[in-house]
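The values are calculated or read from the model by the stated rules, or taken from the named source; none is laboratory data. Source: prediction; values computed, not measured. Backbone-built Cβ (ideal geometry, glycine too); neighbour counts: all protein chains shown. Side chains are part of the model used for accessible areas, which takes the heavy atoms of the whole protein and leaves out ligands, DNA and RNA. Shrake-Rupley method; radii C 1.70, N 1.55, O 1.52, S 1.80 Å.
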Amino acid sequence: MFASLTLEIVLTNQRKTFTDYRHLMITEAAEVCILNIIKGRLYPDKKTANPTYEPYSTKQEAIDRMKELADELTNKGYMEAAPRDVLFQIPEKEIYIFDKAKWLDEGEFPQKLSTAQAYIPTGMFVAWLIKNDLVSRYSRKEDAWDIELVKRDEMTGAEFYRQNWGGVLSSKELSDEADAFAREYLNIQNDIKIKAILMSLNFG
C-alpha cells in the first residue's frame, strides 16, 4: 500500500469520543535523517501531540522505517488521511472572559459598599466550581493549596477569586465541562440570570 510513500503521512483511527492519529514525517539534515513520530488525539476543539524522534544515517533507512510503521498501523485499523485535514483544521479554543470584578467596581456599584463586594457574586460561582472539581488542570496545579482551603471552607470563593485569579473569570480557569456550561448559561452582568444560577446552586 505504501510502496510510493512520501516524506510525510498521517494515519487516523476513529474512536468513540476522539480520533487517534499518527503523524510520520522525515526531516533531512546534513548528515542525518530524522523520522518524526507524533502520536496524538483529535477532539472537536483541541489536539494533543506526543512527539518522538528516530535518527537514521541515510534517507532510505528512514523511509524504510516509516513504511514499516505505516504498515503496522494499517494492520491495526488506521487509515491514511490528508495531513492538512488532520493537522491544520483544529480551531484554537477561544479564551472567553465571563467576568471582571472591575466591571462592577467601575459600573453602577453602590458607593456605600466596599469594593471588595465586587468579588462576591462571581466568587460564589467560583467556590461552587472548586468544590465540584470543575476548574482547569492548570489552576488545580497552580492554586492547589488555596483550592484545598476553599474546599475546607477556610477561604471564601470571593477571596480566592480576588487573590488567585485577580478578579477575572475566563475560560482558561475552567474545565471543559464548566466552560461549556458557563458559555451557555452564565451572564455575570445580567442580575436575573445570576440569581437563577445561584439559586440553582443553593446559593440563593
Just checking, does segment 95-111 include any residue being modelled with pLDDT under 60, under 14 Å from residue 172 (Cα atoms) and either touching a Leu at 6+ places or on another chain (Cβ under 8 Å) or open to solvent by 20 Å² or more (accessible area, probe 1.4 Å) (or both)?
no
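Scan segment 10-53 residue by residue and report those that are among the basic types (Lys, Arg) and within 15 Å of residue 82 (Cα to Cα).
22 - this is the single residue of segment 10-53 that is among the basic types (Lys, Arg) and within 15 Å of residue 82 (Cα to Cα).
Can you tell me which residue is modelled with the lowest pLDDT among those in segment 5-28 that are closer than 16 Å to residue 65 by Cβ and surrounded by fewer than 15 Cβ atoms within 10 Å (Cβ to Cβ)?
Checking each candidate, the answer is 6.
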State which residue is modelled with the lowest pLDDT when the search covers only segment 112-125 and only residues that are of a type in the set (Gly, Ala, Ser) and surrounded by 20 or more Cβ atoms within 10 Å (Cβ to Cβ).
118
Taking segment 29-52, which residues are among the acidic types (Asp, Glu) and either within 22 Å of residue 68 (Cα to Cα) or touching a residue at least 40 places away in the same chain (Cβ under 8 Å) (or both)?
45
